[in-house]
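A quick write-up on the structure given underneath.
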Amino acid sequence: MDTIELLRTFRAVAVRASFSIAARDLDVSKANVSKYVAQLEARLGTRLLNRSTRTVSLTDAGSLLLERSTPLIDMIELTRDELQQRSREPSGRVRLTAPHGLGTIQLPAMLADFMKRYPEVCISLYLDNRTIDMVEEAIDVALRIGRITDANLIVRKLRRIEMVVCATPAYWLEHGVPSHPDELAAHDALTYSLIGPHPEWRFLIDGEIHRVPLRSRMDATDAVPLVHMALQSMGVICLPRLLVQDLIDNGALQTVLPGYSPDDLWLYAAYTQRRHNSAALKALLAFLEERWRID
């Protein structure tokens with residue numbers, strides 16, 4: 001038995017001055033109560049209780065332990081009650097990571113709606129395009145766009161991601177509109193640094209993935225500068241539609257090559273444990289699934 005449980009047993013005997021009454025209140029046998037107190041005395045190397053056939057009293061060491069253990073036990077029981085409450089009602093802090101691009105569009109407004117729905121929940125948002133070690137960095141849930149490769153993560157698919165190739169109307173007017181993905185090899189591409197030293201874009205052609213090597217005019221670790229460069233007619237971008245939909249709607253960017261987007265890209269939420277997740281984490285996962293599936 002762990003020390004905390006041994007300590008609780010000792011305190012029950014000390015407060016009640018009786019092994020029998022303590023055993024009844026703890027719903028264990030009197031023999032076990034006596035054994036547990038003896039184990040605690042053995043661990044501490046001192047006698048805690050004076051025993052006779054008719055009475056039980058505290059030794060000096062027992063009185064000290066009873067006094068000093070009171071705030072410890074109170075703290076443990078308070079913490080236990082709070083943790084149990086958090087497992088039932090969404091509360092506490094959830095640590096969430098997402099790519100920078102998501103942090104500039106829908107996500108902040110969605111998190112605001114979530115926090116209004118669950119006022120006892122706090123959010124820590126870490127924007128990072130890296131694939132991080134969620135356990136090492138104490139992250140509860142990660143939002144990611146792409147293909148799911150880590151078999152150690154529990155994954156919820158939120159929505160399928162359509163990739164769109166786009167540039168300004170002025171760029172297409174000057175350089176020509178491609179009619180096939182292979183023609184993009186001759187264009188100025190604006191690419192993610194994270195895809196490596198030999199950038200390429202993936203397309204779906206006749207049910208198969210087709211890779212097009214690129215001439216990258218500029219690369220960046222984040223989508224935001226790539227979008228700004230594209231808006232200056234400096235090249236072509238291939239990004240998730242949800243990141244550039246507003247620019248497409250207002251005509252600043254014009255898409256080409258519809259129907260070639262790969263079908264294996266998802267926006268997904270990943271977490272590390274299937275069991276004993278907090279009510280706040282469960283509520284956040286359900287909320288994101290609900291909102292993105294609707295949107």
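Descriptive notes on the structure:
- Distances between placed amide hydrogens fall under 5 Å for T255 paired with no residue 5 or more residues away or on another chain.
- Cα extents for the chain along the principal axes, largest to smallest and rounded to whole angstrom: 102, 36, 31.
- From the alpha carbon centroid of segment 204-233 to that of segment 102-171 is 20 Å.
- Sparsely packed loop sites in segment 1-105 (the trypsin sites (Lys or Arg not before Pro) outside DSSP H, G, I, E and B with at most 11 other Cβ atoms within 10 Å) comprise R54.
- Compactness of segment 99-227 - radius of gyration and Dmax, Cα, Å: 18.1, 55
- Normalised Debye scattering of segment 3-85 at q = 0.19 Å⁻¹ gives log10 I(q)/I(0) of -0.82, counting only Cα atoms as equal scatterers and leaving out solvent.
- What the phi angles of segment 261-269 give under the Karplus curve with 6.51, -1.76 and 1.60, with θ = phi - 60°, is a coupling list of 5, x, 9, 10, 9, 9, 8, 9, 10 Hz, glycine and proline written as x.
- Here the 3J(HN,Hα) profile of segment 173-188, calculated from phi with Karplus coefficients 6.51, -1.76 and 1.60 at θ = phi - 60°, is 5, 7, 9, x, 8, x, 9, 8, x, 4, 5, 5, 4, 8, 9, 7 Hz, Gly and Pro shown as x.
- Under-5 Å amide H pairs with R159, H placed in peptide plane, nonlocal only: L267
- For A138, net neighbour charge (Lys/Arg +1, Asp/Glu -1) across residues whose Cβ lies under 11 Å away: -2
- Computed [θ] at 222 nm, deg cm²/dmol, the chain (DSSP H ≥ 4; -39,500 (n - 2.57); rounded to nearest 500): -13000 deg cm²/dmol
- Helix 279-294 vs. the chain, principal-axis angle (Cα, 0 to 90°, nearest 10): 20
- Considering only Cα atoms, the convex hull volume of segment 182-295 works out to 153 Å³ per residue.
- Distant-in-sequence amide H partners of S233 (H built 1.01 Å from N, under 5 Å): T168
- Computed from backbone phi, the HN-Hα couplings of segment 243-259 come to 7, 10, 4, 4, 6, 6, 5, 8, x, 5, 10, 10, 8, 9, 6, x, x Hz, rounded to whole numbers (Karplus: 6.51 cos²θ - 1.76 cosθ + 1.60, θ = phi - 60°; Gly and Pro given as x).
Read the figures in this text as sums done on the coordinates, not as results from a lab. Since this is a predicted model, take the numbers as computed values, not measurements. Please note: Cβ atoms are built from the backbone with ideal geometry, for glycine as well, and neighbour counts cover all protein chains shown.
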